[in-house]
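No lab work stands behind these numbers, since they all come straight from the coordinates. Here the structure is a predicted model, which is why all the values come from computation and not from measurement. Positions of Cβ are backbone-derived with ideal geometry, glycine not excepted, and every protein chain shown enters the neighbour counts.
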Amino acid sequence: MHVYRKLLVALVALCLWSASSVAAAAASYEVSATISHAGKSFASPSATVLADQPATIQVSGKDGYKLTLIVTDMTADEIKVVATLDSSHGSMAPTVVVRPDQAAAVSVGDLGLKLTVRRSGG
């Protein structure tokens, strides 16, 4: 009887751990970006990004770009975004910590990137 009780406790613990892992993996974010050159916006992409998973938006043409985002929750009011931007106007690879629902901007030379991140799942 004692062995069965230990087995039951172990199974319940495993189920709870598994459920929390699935919930953590399901976290997602709505990311809106504005990409600019010399102060003029040339793209306004948005994407749903799963936590800790790269998401890429790519557009070809005169103002083409490739934007890759990795979003990680840090605290209740801090979200880390690792961005890689390659565009016809230049490149940058910033890592920024943003507050949910508040825009944050970074620039390298004439190339600018503004990000707003909203928690949407998980």
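A few comments on the model shown:
- For SER32, net neighbour charge (Lys/Arg +1, Asp/Glu -1) across residues whose Cβ lies under 11 Å away: 0
- Assigned charges on the beta-carbon of Lys, Arg, Asp, Glu; the stretch 28-121 dipole about Cα centre (debye): 200 debye
- Taking the charge dipole of the stretch 33-122 about its Cα centre, with +1 at Lys and Arg Cβ atoms and -1 at Asp and Glu Cβ atoms, the residue from VAL117, ILE57, PHE42 reaching farthest to the positive side is PHE42.
- Relative contact order computed over the stretch 28-121 (Cα-Cα under 8 Å; 6+ residues apart), in percent: 29 percent
- Sum of side-chain charges, ALA76 neighbourhood, beta-carbon under 11 Å (Lys, Arg +1; Asp, Glu -1): -1
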